[in-house]
Structures are given as structure tokens and as C-alpha cells.
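The next block holds one structure in the form of C-alpha cells; read it before the comments.
The values are calculated or read from the model by the stated rules, or taken from the named source; none is laboratory data. Please read all numbers here as calculations on a predicted model, not as lab measurements. Glycine also receives a Cβ, built like all others from the backbone with ideal geometry; neighbour counts cover every protein chain displayed.
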Amino acid sequence: MKRPLLHIFRNTPFGRETLLQSIDSCQKLQLPLDIHIPRDKKFLFYFDGDVVQIDLDKSYLLDPETAEEHVRQLLIDHPTVEYKFIHQQSYTGTGLPDLPTNFSLMTCPRSISDVTTRIGLGHIGPKVRRILQVATFPTLIPGAVFKPWQKIVVLYGGSESAGKALKLALTIQKRSQLPLQIISIGDKATLETAMEDQGLLDKITAHDWQVYPGNSLQRHLYQIPHDALVVLGAYGHGPIKALFGSSMELIQSQLPNPLLVVGPHYRAG
């Protein structure tokens, strides 16, 4: 985790809160911050032969004359965060600009192509879903209002995706030196076997691992601290199911915490 965090800035009060989340996360993770102030409503990401077109709503183009100054004002109080503004690298034959993809993570609200007031807490917009499906970096989905995270919670269900999320959470814990808690639902022996196969069992001995019996995630969400960053895999089997299944929608609708979501193509770097 050495590359910058990517932030697409929206010059609105909601955009301010999202940028504050990015700044705080960069400070804790010792990451540089790359900020893009869009001039076009559409741009492209190229991921290993897969292309994602991002369609921004009009709020991202609001008052561009003050956007850069607003960003700089927010960063004055965080002198340790190294940042720069990035611009479109090139334009395709269709006239659409593209952005680089070599980032440690990207901050993204629950939707980037719908007006904020139309998006409920428990809904991920289709463009954000698409980023999660193909991106090689994890996606930080903040709450509506900035709140510094002081703990890390990873949801571990034993899948390959959950293993990637746990590895990332361990990296975040090492960088931030904040407490890490692992939460699982199911049979501990089965989960231990999966964790051992992933080479992780001996790495969690210093951390708090809570395993709850049964298969109900909802009844245990209250145990997640209000000031925690929640790390989870986008795809899996068992209690922590596919991102777009009922479990993820449940997590979104009931947790105001920032979420760090690891997609199937995530590569540590």
C-alpha cells in the first residue's frame, strides 16, 4: 500500500465531507492523495482490458472556479498529507477523457451518477458497483457525514474475498496502529481451517476475533463500534455473501460507518 488514494472532488457540502474522509484516511495510512476536479461529466477507467465509463451527475461540475481553493483550505489543517491535483491523461476516439488506475484505493460515495438526495443509505449506484466489480484497488465508501475512524473491523466469512479483506485490514492496522477486530458468523473450526489455508491464522493472534454462532448477521451488527472502518470482501459465500446480495444491502442500510470494499480483482500494491 504505497500508491496514492484517488479522490474525485465534488464542490458541495456532501463533497466536502467525503474529501475530509479521504484526507483523514490518507493521514492514518501514510498515503499521498491524488485529487481530480472534473471538467467533463464522463470519463473512463481502463482495467486490464476492461473499460468502465463513469457518468458523473451535474453536482460534480458545480462552481469549478472555487473548487481548487476549497480543497486547499481543507488540507491546510493536515500538513503531513502530501497531495496533488491530477487531470485527464488523454482522450479516446470518442472524445472521452481517461484517468490512471494505479492507486492504493479510491474514495467513492454510494453513487456518483445520481443526485445525492435520491440515494438512500442502503443503495449502491450502478456505476459504483461497476467500479467494485473490475477495479484492482479497493473502494472506500464513506458515510454521509465525515467521522474519523479510530478502529478497524473486518468481516470474515472464510471465502477467498474475505481472505483478501483480512490481509488488507492487517496492513491497515500495521500502518495506522489502531485496534483491529475480526467478526465472523458460523462455525469457528471451519473458519479457522479456511484462515489457515489462506496463511492468516497465525497473523491474527494479537487481535480480537469474535465468532458468533448461527447465520444471522443482522443481530450482530450492533457490536460493530460506531467509530470503526469496516473492511469486507465484495464477493464470498456464507454469512458475508456477494456484495450485491442481501448481506451487503443489510450492512449498508444499518451501518453508518465508512466501508472499505475489496473487489474480486483487487491486487495488493
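In region 13-20, the condition of being in a helix (DSSP H, G or I) and among the acidic types (Asp, Glu) is met by at least one residue.
Residues in region 1-53 that are closer than 20 Å to residue 82 by Cα and among the β-branched types (Val, Ile, Thr): 8, 18, 23, 35, 37. Against the numbered list (1) modelled with pLDDT of 95 or more; (2) assigned to a loop (DSSP other than H, G, I, E, B), residue 109 comes up short only at (1). Scanning region 245-265 for residues that are modelled with pLDDT of 85 or more and farther than 17 Å from residue 222 by Cβ returns 258, 260, 261, 262, 263, 264, 265.
Within region 155-169, the set of residues being small (Gly, Ala, Ser) and either over 12 Å from residue 180 (Cα atoms) or assigned to a loop (DSSP other than H, G, I, E, B) (or both) comprises 157, 158, 159, 161, 162, 163, 165. Checked against the criterion of being within 25 Å of residue 250 (Cα to Cα) and without any contact (Cβ under 8 Å) to a residue 12 or more places away in the chain, region 129-141 contains not a single residue that satisfies it.
Scanning region 21-70 for residues that are under 17 Å from the mean Cα position of the chain (by Cα) and in a helix (DSSP H, G or I) yields 21, 22, 23, 24, 25, 26, 27, 28, 29. Of the candidates 54, 35, the single residue that is under 24 Å from residue 257 (Cα atoms), aliphatic (A, V, I, L, M) and either surrounded by 18 or more Cβ atoms within 10 Å (Cβ to Cβ) or in contact with a Ser or Thr (Cβ under 8 Å, 6 or more places away or on another chain) (or both) is 35. Being touching a residue at least 60 places away in the same chain (Cβ under 8 Å), within 20 Å of the chain's Cα centre (by Cα) and under 26 Å from residue 151 (Cβ atoms): is that true of residue 99 here? So residue 99 fails the test.
Does residue 219 meet the test of being farther than 30 Å from residue 45 by Cα, basic (Lys, Arg) and not in a strand (DSSP E or B)? For residue 219, the condition - farther than 30 Å from residue 45 by Cα, basic (Lys, Arg) and not in a strand (DSSP E or B) - is met. Look through region 182-197, keep the residues that are polar (S, T, N, Q) and surrounded by fewer than 19 Cβ atoms within 10 Å (Cβ to Cβ), and return whichever of them is farthest from residue 30 (Cα to Cα). The selected residue is 190.
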